[in-house]
Protein chains: 2
Amino acid sequence: MIRGAQSIAFECPAYLVSSASVAGTKEGEGPLGRMFDLVAKEDLFGENTWEEAESAMQKEACQLALRKAHLKPEEIRYLYGGDLLRQGVATSRGVEALKIPMFGLYGACSTSGEALALAGMSVAAGYGDYMLAVTSSHFASAEKEFRFPLGYASQRPLSAHWTVTGSGAFVVGKRKSPVWITGITIGKIVDYGLRDSQNMGACMAPAACDTILQNLKDFERTTEDYDRIITGDLGYVGQSILFDLMRGKGVDIKSRHMDCGMTIFDQNLQDTHAGGSGCGCAAVTLSSYILPKLANGEWKRVLFVPTGALMSTVSYNEGASVPGIAHGIVLEHCKGGLE
Amino acid sequence: MIRGAQSIAFECPAYLVSSASVAGTKEGEGPLGRMFDLVAKEDLFGENTWEEAESAMQKEACQLALRKAHLKPEEIRYLYGGDLLRQGVATSRGVEALKIPMFGLYGACSTSGEALALAGMSVAAGYGDYMLAVTSSHFASAEKEFRFPLGYASQRPLSAHWTVTGSGAFVVGKRKSPVWITGITIGKIVDYGLRDSQNMGACMAPAACDTILQNLKDFERTTEDYDRIITGDLGYVGQSILFDLMRGKGVDIKSRHMDCGMTIFDQNLQDTHAGGSGCGCAAVTLSSYILPKLANGEWKRVLFVPTGALMSTVSYNEGASVPGIAHGIVLEHCKGGLE
């Protein structure tokens with residue numbers, strides 16, 4: 001069951017029973033727009049504040065995922081959730097009404113990986129039939145939290161990311177389904193000493209490299225064993241650094257790499273700089289784009305690696321570096337999963 | 001293994017192999033002062049900022065707990081940790097150097113319960129021989145995060161808590177020890193609509209009540225089955241509300257109740273208002289005061305219920321309510337645990 005230094009191979013399968021994606025207006029205009037379950041008409045989602053909007057989005061994603069799985073909230077044993085806001089308020093306000101026992105998480109933009117890992121671990125251990133994993137981010141609440149309120153109209157450097165307005169929810173459980181989680185690789189904090197919070201791709205790339213290499217080592221696999229190795233939100237800057245770092249270790253992932261942050265927006269048409277980011281970026285891309293390809297067997301096995309930059313406004317104002325973390329989730333097509 | 005709606009009874013035991021407590025100067029002058037493993041000479045712990053001080057404290061607690069268990073960081077499979085600061089920076093900066101694969105958590109002051117629950121679940125499931133659970137809080141970093149910088153010398157109402165400067169770390173593992181975790185009850189978010197962030201005891205008491213009642217129901221126990229029912233940081237205000245709420249449900253816990261926030265400071269001598277609070281409060285009280293009593297058999301079984309108030313400065317400035325959450329950890333004396 002334990003594999004190598006950081007990984008677990010699940011003996012009892014943890015299926016991805018259902019998933020849902022809720023996205024903002026800009027995301028709806030992007031390449032994945034038609035694949036999302038729900039696209040906002042306006043980014044406040046009918047609420048008064050950006051934070052409430054994010055909570056509304058997260059609640060909607062949970063309810064949609066539950067509905068698709070034909071489950072009531074009380075049939076979910078535990079909920080694992082998180083977001084980017086201080087003290088995770090988007091999640092606690094978002095999931096409160098569901099009344100599911102919950103674990104609050106924080107792993108920056110790697111949180112969707114953390115939530116899926118813990119949900120998978122819980123199902124595989126027999127701690128319940130169904131778990132719910134949910135994450136979210138909102139462009140406007142994130143700009144306010146980490147940069148400046150939108151009203152200031154601050155300029156952003158080209159290495160900066162565009163936080164995705166979106167929430168992805170996943171029911172992980174024992175019930176057979178075409179996609180399952182077969183293993184996980186939990187990441188360490190990796191710190192190359194970078195201090196530029198406007199260049200998160202560079203801050204996170206070393207962590208992504210570390211987790212991918214560890215996954216290959218722990219499971220005794222090569223990159224060829226994965227149809228895709230999918231990072232969360234390294235973006236254009238982070239991707240090139242990841243390629244360089246991996247090449248330095250003798251591993252070339254160019255042909256199999258995909259980055260959710262580069263997939264969700266059209267860089268030329270949407271002016272999103274280094275690419276999309278945020279807890280919602282990898283989550284909605286997984287739900288809308290990756291899982292369908294795994295479900296129909298186009299991809300047999302992918303390594304999903306959401307990446308996070310562990311910083312706060314206080315830490316970078318104090319001159320601290322921005323370390324990264326990345327968790328690896330092995331997702332596989334399950335033959336006969338629809339029985 | 002699954003018990004009732006929210007609980008798990010561990011079939012494979014998860015032992016509390018070792019623990020460590022590091023505390024600030026004021027805590028060192030309090031009733032538990034002599035019981036802490038390490039008391040600061042000054043609350044900056046040799047660092048330049050309060051945030052770095054909190055990280056230094058957390059790192060020290062982890063290293064002490066590891067040393068007591070005669071373990072190296074690389075022998076710990078996963079680390080579960082959190083704190084009160086935005087984006088959990090005290091934890092990510094504190095544990096970074098240990099290079100242990102990590103899960104970042106946020107459950108406000110209930111985080112020590114969340115971390116112990118997940119560490120126990122992981123050990124009981126066979127996901128590794130040893131896990132590390134760590135939480136911290138620091139009076140000065142918390143005042144800055146949630147209220148005002150200390151330099152402002154703001155007055156605080158009597159219902160306000162005094163955030164504990166302290167960090168507690170726990171090695172949870174398979175190796176026999178005199179105390180084990182035999183079960184957990186994961187809490188739901190409970191919201192009575194209170195909006196006063198300076199009265200967290202009142203905000204958290206309903207969640208504590210909910211989790212304690214659920215624990216008794218799920219494990220088919222009465223209060224008499226516990227030597228103590230120990231809440232994290234309800235304080236004087238929260239305790240009286242908890243007693244009222246429990247009495248309303250026909251359960252009297254007065255004779256068995258203890259609150260870490262009321263235990264750690266001397267209310268008369270130390271001017272700490274409603275009592276201690278923070279992620280470190282329950283953790284250092286558990287390590288220094290509760291575990292020794294369980295280890296020597298004075299207490300056979302206690303229910304440890306850290307309580308958290310799920311809010312941020314943004315959420316309460318926007319007028320949102322302050323919901324609570326509480327997780328229950330069943331800790332028992334293990335006969336022959338020193339074999």
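The values are calculated or read from the model by the stated rules, or taken from the named source; none is laboratory data. Worth saying up front: this structure is predicted, and the values here are computed from it rather than measured. Cβ: placed from backbone, ideal geometry, glycine included. Neighbour counts: every protein chain shown.
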Query raised in the report: Filtering region A:238-256 down to residues that are touching a residue at least 40 places away in the same chain (Cβ under 8 Å) and assigned to a loop (DSSP other than H, G, I, E, B), which residue is surrounded by the most Cβ atoms within 10 Å (Cβ to Cβ)?
Result: A:253
Requested in this report: Sort out which residues of region B:102-116 are under 20 Å from residue B:75 (Cα atoms) and aliphatic (A, V, I, L, M), and write them in order of number.
Outcome: B:102, B:115, B:116
Report task. Considering only region A:188-221, state which residues are without any contact (Cβ under 8 Å) to a residue 60 or more places away in the chain, away from chain B (no Cβ under 14 Å) and either crowded, with 24+ Cβ neighbours inside 10 Å or part of a helix (DSSP H, G or I) (or both). Result -> A:202, A:209, A:216
Query raised in the report: Is there a residue being surrounded by fewer than 23 Cβ atoms within 10 Å (Cβ to Cβ), among the acidic types (Asp, Glu) and touching a residue at least 24 places away in the same chain (Cβ under 8 Å) anywhere in region A:225-237?
Result: yes
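For a quick check of your reading: which helices (runs of 4 or more DSSP H) sit entirely within region B:1-102 and have at least 3 residues that are buried (at least 16 other Cβ atoms within 10 Å of the Cβ) and in contact with a Ser or Thr (Cβ under 8 Å, 6 or more places away or on another chain)? Outline the logic, then answer.
Details: elements: B:25-28, B:50-68, B:89-95.
Once the helices (runs of 4 or more DSSP H) in region B:1-102 are filtered for at least 3 residues that are buried (at least 16 other Cβ atoms within 10 Å of the Cβ) and in contact with a Ser or Thr (Cβ under 8 Å, 6 or more places away or on another chain), what remains is B:50-68, B:89-95.
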Query raised in the report: Only one of (1) in contact with a Phe, Trp or Tyr (Cβ under 8 Å, 6 or more places away or on another chain); (2) in a helix (DSSP H, G or I); (3) of a type in the set (A, V, I, L, M); (4) surrounded by 24 or more Cβ atoms within 10 Å (Cβ to Cβ) fails for residue A:134. Which number is that?
Result: (2)
Query raised in the report: Going by the structure shown, is residue A:37 in the same structural domain as residue A:123 (by TED's automatic domain parsing), in contact with a strand residue (DSSP E or B) (Cβ under 6 Å, 6 or more places away or on another chain) and over 22 Å from residue A:129 (Cα atoms)?
Result: yes
Requested in this report: Go through (1) within 11 Å of chain A (Cβ to nearest Cβ); (2) among the hydroxyl-bearing types (Ser, Thr, Tyr); (3) in a helix (DSSP H, G or I) one by one and return the number of the condition residue B:112 breaks.
Outcome: (1)
Query - Every residue from region B:222-237 that is under 20 Å from the mean Cα position of the chain (by Cα) and assigned to a helix (DSSP H, G or I) - result: B:235, B:236, B:237
Report summary line: Sole miss for residue B:150 among (1) surrounded by fewer than 24 Cβ atoms within 10 Å (Cβ to Cβ); (2) out of contact with any helix residue (DSSP H, G or I) (no Cβ under 7 Å at 6 or more places or on another chain); (3) among the hydrophobic types (A, V, I, L, M, F, W, C) is condition (2)
Report task. Identify, from the list B:14, B:9, the residue that is in contact (Cβ under 8 Å) with a residue 24 or more places away in the chain and touching an Asp or Glu at 6+ places or on another chain (Cβ under 9 Å). Result -> B:9
Query raised in the report: When residue A:141 is evaluated against the numbered criteria (1) free of Cβ contacts under 8 Å to residues at least 24 places away in the same chain; (2) more than 8 Å from every other protein chain (Cβ to nearest Cβ), which criterion, by number, is the only one it fails?
Result: (1)
Query - Top-ranked residue of region A:123-152 - restricted to ones that are among the hydroxyl-bearing types (Ser, Thr, Tyr) and at pLDDT 95 or above, ranked as farthest from residue A:164 (Cα to Cα) - result: A:127
Report summary line: Pairing a residue in region B:76-94 that is more than 9 Å from every other protein chain (Cβ to nearest Cβ) and closer than 16 Å to residue B:115 by Cα with any residue that is acidic (Asp, Glu) and surrounded by fewer than 24 Cβ atoms within 10 Å (Cβ to Cβ), where Cβ atoms lie under 8 Å and the two sit 6 or more apart in sequence or on different chains, gives none
Report summary line: Out of (1) at the interface with chain A (Cβ under 8 Å from one of its Cβ atoms); (2) not in a loop (DSSP other than H, G, I, E, B), the one residue B:127 does not meet is (2)
Report task. Scan region A:103-125 and report the pairs whose first residue is outside the structural domain of residue A:185 (by TED's automatic domain parsing) and of a type in the set (Asp, Glu) and whose second residue is surrounded by 24 or more Cβ atoms within 10 Å (Cβ to Cβ) and modelled with pLDDT of 95 or more, with Cβ atoms within less than 7 Å and a gap of 6+ or a chain change. Result -> A:114/A:105; A:114/A:107; A:114/A:327; A:114/B:103
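Got a sec? Which helices (runs of 4 or more DSSP H) wholly within region B:265-338 have at least 2 residues that are polar (S, T, N, Q)? Before you say what the answer is, go through the steps one by one.
On the way: elements: B:267-270, B:279-285, B:291-295, B:313-317.
Qualifying helices (runs of 4 or more DSSP H): B:267-270, B:313-317.
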